[in-house]
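Okay, so here's the structure we're looking at.
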């Protein structure tokens, strides 16, 4: 069953794809992903663009972010984000960090692709137009996290780094951690060259020493083509990395949405020719 379910009371409201299984289990948790609709941005960012760096009007981006936050029961002041660099650095968000990056890129948490917090009232956010959003939640320790994983973040195993930080910073036990993989480009549309596959094969060799019964040496994560290119499944590779990190397979939710196939409802950098908006992933714990 698809875990990301559209919630949009009317067309004036933002398209929000809620991480339904998690929300059902915790009335304090909000988690999900935005679609394209229900915002105010003009072409070619129409309409719910949530990122500053694409060239959209800053005031439209701020208005879109505010619409999303309010729809989730938060305020714009809680919107907290990093300046993503396709790396694997993770920042633990404290009370002092709340609201960083909500109004401009300069105040965002710099050089970070992963955000982690135990602070209630914070809305962690990150931005996408084909890359893979990764979600983390420990219901025991009440810790939430987000990670942005393009192919570079994937091979750097940002998912594994997130698990390690949850353990070291908050004492999370890996068997209690739940994770989810959100809407992103699928193996149906993501063709890569030998340069990218060199890194994937390096990761595969690292996995060969792991005897976990649920790992398949990443072989389900790509399909070679006759033209020398490869169709890459970043969702599956991140799922394998999560399992290798110790997360129970039954604790991993994975979307079926492909942002390129469905660029009518999602922004897709590849399908839209490089000029397009960005969706936002979000996760947060409401105040008690």
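Nothing in this text is a laboratory measurement; each read-out follows from the coordinates by a stated rule. Since we're looking at a predicted model, the values are computed, not measured. Glycine also receives a Cβ, built like all others from the backbone with ideal geometry; neighbour counts cover every protein chain displayed.
Things to note:
- Some residue of the range 170-188 being closer than 21 Å to residue 279 by Cα, surrounded by fewer than 17 Cβ atoms within 10 Å (Cβ to Cβ) and touching a residue at least 60 places away in the same chain (Cβ under 8 Å): yes
- When residues in the range 176-190 are screened for being more than 14 Å from residue 126 (Cβ to Cβ), touching a helix residue (DSSP H, G or I) at 6+ places or on another chain (Cβ under 9 Å) and outside any helix (DSSP H, G or I), 7 of them pass.
- Residues that are outside any helix (DSSP H, G or I) and surrounded by 17 or more Cβ atoms within 10 Å (Cβ to Cβ), drawn from the range 22-36: 29, 30, 31, 32, 33, 34, 35, 36
- Across the range 241-288, the qualifying residues are those that are free of Cβ contacts under 8 Å to residues at least 40 places away in the same chain and outside any loop (DSSP other than H, G, I, E, B), and the one among them that is surrounded by the most Cβ atoms within 10 Å (Cβ to Cβ) is 243.
- Test: residue in the range 126-143 that is surrounded by 24 or more Cβ atoms within 10 Å (Cβ to Cβ), touching a helix residue (DSSP H, G or I) at 6+ places or on another chain (Cβ under 8 Å), under 15 Å from residue 89 (Cα atoms) and touching a residue at least 12 places away in the same chain (Cβ under 8 Å): yes
- Filtered by the rule that a residue be in a loop (DSSP other than H, G, I, E, B), touching a strand residue (DSSP E or B) at 6+ places or on another chain (Cβ under 8 Å) and crowded, with 16+ Cβ neighbours inside 10 Å, the range 58-94 gives 72, 74, 83, 84, 88, 89, 93.
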